[in-house]
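Any read-out appearing in this document is the output of simple, stated calculations on the displayed coordinates, not a laboratory observation. Keep in mind it's a predicted model, so treat the numbers as computed, not measured. Here the Cβ positions follow ideal geometry from the backbone for every residue, glycine too, while neighbour counts run over all protein chains shown.
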Amino acid sequence: MARTPPQKPGLEEIRAARRAVRSLFWLVGLFSFFVNLLMLIGPVYMIQVYDRVLGSRSMETLVALTVLVGFLYLIMAVLDVIRSRILVRAGARFHEKLEERVFTAVQDKVAAGFHDESAATGLRDLEAMRKALSSPIVSACFDLPWTPLFLLLIAFFHPYLGAVALLGGLVLGVFALANQFSSRKAVAKAATMGATAQQLADGMRRNAELIQGLGMRRSAFGKWVMMQRMAISSELYASDKTGGFSSATRAFRLALQSAMLGTGAYLVLDNALTPGVMIAASVIMGRALSPIETLIGQWPLVQRALQAQDRLGGLLEETPERPEPMPLARPKAKLEVQAVTLVPPAVPGQVSKPVLQGLNFTLQPGQALGVIGSSGAGKSSLARALIGVWHPAAGKIRLDGASLVQYGMEDLGRYMGYLPQQVALFDGTIGENIARLEQFPDPDKIVAAARKAAVHEMILQLPQGYDTPVQIASSRLSGGQVQRIGLARALYGDPLLLVLDEPNSNLDNDGSLALNQAVAEARQDGRTVVIMAHRPAAIQLCDMILILDQGVQRAFGPKEQVLREHLQNPQVVRAAPGGPPQQGSPQDKQAAAAAPGVSGKAG
Ligand SMILES: Nc1ncnc2c1ncn2[C@@H]1O[C@H](COP(=O)(O)OP(=O)(O)OP(=O)(O)O)[C@@H](O)[C@H]1O
Ligand SMILES: [Mg+2]
């Protein structure tokens with residue numbers, strides 16, 4: 001499948017993975033050699049039966065020949081089975097070689113904010129390549145070199161027969177090329193449209209509640225069915241094309257078989273050939289041309305694999321492997337943000353503006369920072385930068401003196417306790433979710449984290465407690481409960497830096513109290529806490545405040561001082577109760593007024 005020049009590093013990685021399983025392919029080649037050799041049993045038997053047994057009317061010869069041939073066929077069947085088993089394993093091993101790399105590349109790309117096609121299809125592309133590498137196409141490729149040999153053998157029987165077979169082979173070859181050129185685009189388009197329709201349907205399935213609630217079912221169906229029809233019609237178009245070639249090939253091959261027989265019969269009548277050879281030549285031609293027919297029939301698979309390979313190569317090239325940095329000792333929770341400017345990933349063809357500009361602040365272990373600012377001020381963007389998924393375009397974020405990239409990604413993740421603004425739980429049990437999907441989690445640590453997030457009692461009330469699958473639980477879990485499970489997940493293990501993005505947006509009084517308790521405990525344990533918030537209750541236990549305004553740092557410093565100097569309503573935060581104000585309460589309104597009100601004495 002090598003097509004593109006070797007300078008592309010992504011494709012080179014794929015090739016390297018294929019090279020790693022090359023020994024298996026050589027084995028397939030070896031078995032193919034014997035299988036093809038044994039393919040000659042049939043024709044040889046025919047010649048012997050027609051020309052020797054029927055002539056001599058010898059029963060013993062017939063029996064001996066038949067037993068021998070039966071045995072050889074058995075060997076051929078065994079070899080063929082082994083060959084296809086090796087192929088399936090070669091595909092699986094190829095997948096194993098690349099699966100972690102592709103999974104990581106997809107994760108890296110999406111975490112960095114790119115949600116494009118190659119990221120969405122990365123794993124499916126790898127699967128398409130695995131399927132192609134395990135398919136009969138590969139054996140057909142190994143059988144293909146035998147085609148000229150078989151044709152030569154036929155020509156050796158009689159040049160006329162050779163000429164007919166050669167001509168037939170050429171026509172089939174032309175069919176194959178025409179098939180490739182005419183259907184390539186159609187097959188690629190059909191695959192892309194199918195994937196898009198599927199994605200749309202998945203999104204709608206996940207949001208069934210919303211769709212019903214807002215009376216969107218009809219229009220959602222309309223949108224999906226339109227995509228689906230387009231996908232189906234491009235699939236029909238593609239399959240009409242390749243299917244047409246498939247059928248034409250089959251019909252042509254049957255006709256060719258008859259042409260061979262006819263030519264053979266003519267030669268027999270002319271006394272230039274024995275009947276046995278006539279039949280044998282026709283059978284050998286069938287064998288000679290069958291790899292070509294397989295290739296044409298399986299061509300969509302090949303095209304999908306080639307398309308997948310190109311896309312996968314692009315993905316791997318865009319997300320080069322990051323070498324694991326030298327492991328560092330567990331840092332202290334000292335966080336420094338030095339002249340950080342953050343530019344979100346650009347959509348191709350567009351230039352992104354910075355969402356954060358020149359941020360500067362330092363937090364010591366045990367400090368808690370409240371980040372406030374109006375919607376779109378850049379709070380969540382800062383959270384993503386602090387946990388190391390978005391990299392600053394300028395400036396440095398340091399943890400205990402080392403910039404975040406100097407920590408291995410897994411290590412860094414363990415040092416972080418992140419609660420995103422929109423909490424998502426994964427398929428799996430509640431316990432697994434809290435334990436960050438660790439394979440062998442420590443149950444004590446799970447319970448400890450759940451207790452800190454004040455969610456332990458609630459989990460015990462679920463039908464299977466911590467073992468309740470999220471799919472079942474999610475219909476019973478309230479927004480606040482999901483947020484608390486998310487908080488437990490952030491607190492799991494021994495994180496140094498807690499980054500909580502709007503942690504109490506869904507919390508009730510108890511939840512807010514638990515959150516404050518968790519923050520207080522974390523501070524006592526020497527962890528550093530950063531809370532992005534609209535609601536004053538969330539930053540009650542913070543000792544530092546950062547005010548963001550359209551990505552610019554308006555103020556940073558001790559809470560009292562910053563609030564006194566920069567907010568019109570400092571009492572909002574100071575006087576906020578442990579529980580958040582009720583919707584529409586005076587405090588809420590004040591808070592809403594306070595956050596944008598940073599413009600006052602901006603500095
Ligand atoms: N992936 C992205 N690509 C481009 N721009 C982005 C991306 N994510 C966020 N932004 C932009 O960055 C700015 C800050 O967004 P951010 O989510 O950080 O705001 P926020 O302060 O968290 O707001 P909110 O209080 O509503 O959560 C917004 O203008 C937003 O459009
Ligand atoms: Mg946000």
In this structure, the FRET efficiency calculated for residue 326 and residue 26 from their beta-carbon separation, with R0 = 35 Å, to the nearest 0.05, is 0.35
Compute the length gained on full extension between residue 167 and residue 426: take 0.36 nm times their separation in residues and subtract their Cα-Cα distance, giving the result in nm to one decimal.
87.3 nm
In the chain the DSSP beta bridges are antiparallel at a rate, in percent to nearest 5, of 50 percent
On full extension of the chain, what length is gained from residue 471 through residue 525, given 0.36 nm per residue of separation minus the C-alpha to C-alpha distance?
16.0 nm
Expected vector for the range 52-68, Karplus 3J(HN,Hα) from phi with 6.51, -1.76, 1.60 and θ = phi - 60°, integer Hz, x for Gly and Pro, equals 10, 4, 5, x, 8, 6, 9, 5, 4, 4, 4, 4, 4, 4, 5, 4, 4
Could you check the spin-label model distance between residue 265 and residue 74? Points 7 Å from the Cα along Cα→Cβ, value in nm.
3.8 nm
Summed residue charge, Cβ within 12 Å of residue 346's Cβ, Lys/Arg positive, Asp/Glu negative:
0
What distance in nm lies between label points placed 7 Å from Cα along the C-beta direction at residue 59 and residue 88?
4.4 nm
Would any residue of the range 286-321 have its amide N under 15 Å from a label point 7 Å out along Cα→Cβ of residue 33? List them or say none.
none
Tell me, what HN-Hα J-couplings in whole Hz come from the Karplus equation 6.51 cos²θ - 1.76 cosθ + 1.60 at θ = phi - 60° for each residue of the range 19-33, using x for Gly and Pro?
4, 5, 9, 4, 4, 5, 5, 4, 4, 4, x, 5, 5, 4, 4
Per the Cα gyration tensor, the range 406-449 corresponds to an equivalent ellipsoid with semi-axes, largest first in Å, of 19, 15, 10
Computed on alpha carbon atoms, what radius of gyration and Dmax characterise the range 49-102, expressed in Å?
21.5, 67
Under the Debye formula (equal points on every Cα, no solvent term), log10 I(q)/I(0) of the range 105-200 at q = 0.13, 0.17, 0.18, 0.21 Å⁻¹:
-0.70, -0.92, -0.98, -1.13
With the dipole of the range 145-297 defined by +1 on each Lys or Arg Cβ and -1 on each Asp or Glu Cβ, the option from 199, 233, 244 whose Cα lies farthest towards the positive pole is 199
What Kirkwood hydrodynamic radius do you get for the range 145-297 when you take the inverse of the mean 1/r over all pairs of distinct Cα atoms, in Å?
18.7 Å
Low-density loop cleavage sites - chymotrypsin sites (Phe, Trp or Tyr not before Pro) in the range 387-484, where at most 15 other Cβ are within 10 Å (DSSP):
426
Quick check for me: using +1 on Lys/Arg Cβ and -1 on Asp/Glu Cβ, what's the dipole size of the chain about its Cα centre, in debye to the nearest 20?
800 debye
Between the range 212-257 and the range 1-73, how many Å separate their Cα centres?
36 Å
Rounded FRET efficiency, nearest 0.05, which uses the C-beta distance separating residue 115 from residue 353 and R0 of 25 Å
0.85
After finding the eigenvalues of the alpha carbon gyration tensor for the range 335-599, what semi-axes result from the square roots of 5 times each, listed largest first in whole Å?
29, 23, 17
Among 25, 167, 344, whose Cα sits farthest toward the positive end of the charge dipole of the chain (+1 at Cβ of Lys/Arg, -1 at Cβ of Asp/Glu, about the Cα centre)?
167
Given backbone amide H placed at 1.01 Å from N, residues whose amide H is under 5 Å from that of residue 530, ignoring those fewer than 5 places away on the same chain, are 369, 498, 499, 500
Which value does Rg/Rh take for the chain over its C-alpha atoms, Rh per Kirkwood?
1.16
Under the helix-only model (-39500 (n - 2.57) for each DSSP H run of 4 or more, divided by the residues of the chain), the mean residue ellipticity at 222 nm, to 500 deg cm²/dmol, is -20000 deg cm²/dmol
Hz values of 3J(HN,Hα) by residue in the range 222-239 - Karplus curve (6.51, -1.76, 1.60), Gly and Pro given as x
x, 5, 5, 5, 5, 4, 5, 4, 4, 4, 5, 5, 6, 5, 4, 4, 5, 6
The range 492-566 - Rg (one decimal) and Dmax (whole number), Cα, Å
12.8, 38
